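Encoded as structure tokens, the structure appears first; notes follow it.
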Amino acid sequence: MNKPGGVSVGVALAQAKANLAPLEDQARTIIADNIAALLAPTPADMIEPMRLDMAYSASSQIIDAASPFEMDDLCKAAKGLCDLLDAAPRQGGFDWRIATVHAQAMKVLLSLPSTEAEARTAIIANLHEVLKRKLPGQPQG
């Protein structure tokens with residue numbers, strides 16, 4: 001690539017994108033499975049730190065699976081949930097409705113066609129409002 005007569009950067013990027021394409025279905029399955037994990041009822045005897053860690057792990061795996069495929073809105077939603085979970089009190093008191101709302105939003109984002117930019121933007125904007133209200137020091141814009 002960096003030698004005269006080698007593969008151009010544009011061709012290399014196109015080849016890399018083509019090589020990733022067959023993995024997108026697998027990534028979508030991973031994302032859907034982790035959204036389902038976030039929406040699944042948790043055992044009543046699960047301690048709060050473990051529940052927080054499991055939800056954080058699921059959100060993190062969503063980011064890992066979505067980012068290579070430019071699913072930026074899913075990454076933003078999952079990152080926001082990670083930030084909220086990271087700031088949650090380990091001794092209890094986290095409002096789990098927030099995690100449910102984020103997971104439901106991610107489920108909608110996953111199902112929306114990429115052409116639905118306005119709907120995607122609205123979902124992310126609403127999740128950002130949750131972050132502004134629930135995280136101290138979050139930018140207001």
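Helices in the chain, meaning DSSP H runs of at least 4 residues, each add -39500 (n - 2.57). Divided by all residues, the mean residue ellipticity at 222 nm is -23000 deg cm²/dmol. Given springs between every Cα pair under 10 Å in a Gaussian network model of the chain, which of Ile35, Ile63, Ile47 has the largest fluctuation? Of the options given, Ile47 has the highest mean-square fluctuation. Straight-line cross-link partners of Lys107 among the lysines, defined as a Cα under 23 Å from its Cα and at least 8 positions apart when in the same chain: Lys76, Lys79, Lys132, Lys134.
Taking Cα atoms only, the orientation of helix 117-134 departs from the longest principal axis of the chain by about 40 degrees. For segment 1-91, the relative contact order is 27 percent, taking Cα pairs closer than 8 Å that sit 6 or more residues apart in sequence and dividing their mean separation by the residue count.
Shape class for the chain, computed from the alpha carbon gyration tensor (a ≥ b ≥ c): prolate, with a/c not under 1.5 and a/b above b/c.
Each of the peptides 126-132, 99-105, 79-85 was scored by the mean count of other Cβ atoms within 10 Å over its residues; in descending order, highest first, they stand as 79-85, 99-105, 126-132. Taking only the C-alpha atoms of segment 1-57, the Rg (one decimal) and the largest Cα-Cα distance, Dmax (whole number), read 20.4, 64 Å. Counting heavy atoms of the protein chains alone, Glu48 has an accessible area of about 40 Å² for a 1.4 Å probe.
Angle of helix 96-111 to the longest C-alpha principal axis of the chain, folded into 0 to 90 degrees and rounded to 10: 30°.
The values are calculated or read from the model by the stated rules, or taken from the named source; none is laboratory data. Because the structure is predicted, anything quoted here is derived from the model rather than measured. Using ideal geometry, Cβ is built from the backbone for each residue, glycine included, and neighbour counts are taken over all protein chains shown. Note: accessible area is taken over every heavy atom of the protein model, side chains too, but ligands, DNA and RNA are not part of it. Shrake-Rupley method; radii C 1.70, N 1.55, O 1.52, S 1.80 Å.
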